[in-house]
Amino acid sequence: MLYQTLKFYFARFAVTLFLMFGLGFAALYFIHEVALPNVVFDDLAIQWSLFLICLFFGFIGYGMLGEQRFYNALHDLKNISPDSVVETIKCKFENLIEFTYSSYFLPGTGKRYRNLGILQFADYLLSIGEESPRALNVYVQALIQSPQNSRFRKPLLSILNRGQELNQQELDLLLIMFQQEEKHDPVLTSYLARLFLDAKQWSGQTEPLFLSALGETNQLSEEIVQFVLPIYLAHGRKDERALSFYVRALDFSVPEEEQINTILAQAYCEGNLLGVAPDLHRKCEEIFCKLEPGQQEELKSKSNETRIAYKLKKVKLFRKEDLADLKRLKLEMGLVASKASLIWKVFVWLALLIRNIGKWVLLRFLEGAYLFGNLSLKKKLISFAIASILIVVGISFKELWFPNAGLRQDMVQGNHTVSSESTERKKENRIYSVQIAAVNSAKQANKMVLKLKKKNIENLYVVKSKRRSGGHWYKLRVGRFSSKNQASEFANRLVATKTIKNYFIISMPQKSR
């Protein structure tokens, strides 16, 4: 993939440079020396135009040429004449598939085109009944790209059914075939079940295959029961799929019949299937009714005890990481709105409101301007005179009612200066303390105080404050110092004597006496 990506970009750079040095300089030489030899002008625009043309054909045009070549070749291989030589047609398909690895395509694009060629190649090989190793390889690729397409399954099944031992990849391919069947073919299901029985392969993927084959009730069913039943019982399976298998297994003579009856009867007593699989629940009820009364009472008592124990036991379904993923999933599915989306909605609402208000104001202004324009000259002059009088009255009103506006501004500036000085004075009237610990309980804080007092540390006190997450902090502090340097020197002495490990300085306002 990296190699093809490098080919893709290097080829385009090479084509672009070739066009620039070949076509670009040739065009400039022709303009200056042949077309306009005696004209002096600025050719910067021509240079940029030639550069953009070379860049377009080097990067975009080169890729378009490759795509056109691919589609032309694919179109030529669609309607193949029956008289055509098979080897020639196969060689053309191979060349077409190999062409998708060229520098014309990025890895993703090349793979997409290659899949188109492989599907058409597989159709052609099917039409001539080809079963060579290369043909089988093409069928596999076509089936992987189009698993729902059933026409590629039969040649693969016929080859895999020739008695050879299947490897893991071939078994996985058979599972894909089975999973893609919307309505399972009984013959295919039994055939695949036989293959996996012979291979003794059991997994979550093969389990539905065995259960589907068991439902066909043929000669293979008993072998499936003998193979699957010990696995279910060994793991103590009691889920819906296992219980359904147990019911079917009772149709055969199995030595574990009594154990199966007990499991099914207990499932009926627990009642977990009532809302999930009512038909299966009724079958379990029938088996429960066939048991002895004493055994029935024992199973009921046991199921009641299990139910009570489950209620008392608190099951924690989600971890902290799961809760975060669940919240993210709810946001992606739109079940809840995120803070960002709510903020965005408010922002959009405000923007629309401002736009509507501005639109209304603008329309009123334009309407007033239109009405004013339709007035006679006399009315326009009267309106202008009234507006001028109103402006003069407004200015006079301001001077009469607010004569000391400038003085007040100066006073505000002076007050600001005074307040700044008082603030600086307040900063000087502060005390400093050393905080050496913060714990969650008062008991723990008192223990630390006693421990430090034994080391001859005085002036210890505890400050209680609320935590944001609930509860309280109990902060252990020592000393009251008039400067930060004094507090730091005291704390450093405690650290030097290994009395404490960490600390930080707390600045507090000094209480007025």
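Annotations
- Residue within the range 236-247 that is assigned to a helix (DSSP H, G or I) and surrounded by fewer than 16 Cβ atoms within 10 Å (Cβ to Cβ) present: yes
- Leading residue by the ranking (surrounded by the fewest Cβ atoms within 10 Å (Cβ to Cβ)) among those in the range 29-62 that are out of contact with any helix residue (DSSP H, G or I) (no Cβ under 9 Å at 6 or more places or on another chain) and among the charged types (D, E, K, R): 42
- For residue 303: the one exception among (1) closer than 30 Å to residue 267 by Cα; (2) at pLDDT 80 or above; (3) small (Gly, Ala, Ser): (2)
- Screening the range 81-191 for helices (runs of 4 or more DSSP H) wholly inside it with 3 or more residues that are at pLDDT below 85 returns the ranges 107-127, 133-145, 153-160, 168-179.
- The range 431-473, subset basic (Lys, Arg) and over 53 Å from the mean Cα position of the chain (by Cα), residue surrounded by the fewest Cβ atoms within 10 Å (Cβ to Cβ): 454
- Boolean, residue 275 is farther than 20 Å from residue 189 by Cα and of a type in the set (Gly, Ala, Ser): yes
- The residues of the range 477-508 that are at positive phi and surrounded by 14 or more Cβ atoms within 10 Å (Cβ to Cβ) amount to a single one, 479.
Yes/no matrix, rows are residues, columns are (1) without any contact (Cβ under 8 Å) to a residue 40 or more places away in the chain; (2) within 19 Å of residue 243 (Cα to Cα); (3) part of a loop (DSSP other than H, G, I, E, B):
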| site | (1), (2), (3) |
| --- | --- |
| 266 | yes, yes, no |
| 280 | no, yes, no |
| 284 | no, yes, no |
| 288 | yes, yes, no |
| 297 | yes, no, no |
| 304 | yes, no, no |
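- Restricted to the range 84-115, and to residues there that are over 27 Å from residue 6 (Cβ atoms) and charged (D, E, K, R), the residue that is farthest from the chain's Cα centre (by Cα) is 87.
- Unmet requirement for residue 116, which otherwise passes all of (1) of a type in the set (A, V, I, L, M); (2) closer than 21 Å to residue 145 by Cβ; (3) in contact with a helix residue (DSSP H, G or I) (Cβ under 6 Å, 6 or more places away or on another chain): (3)
The values are calculated or read from the model by the stated rules, or taken from the named source; none is laboratory data. Remember, it's a predicted structure, so these values are computed and weren't measured experimentally. Neighbour counts run over all protein chains shown; Cβ positions are idealised from the backbone, glycine included.
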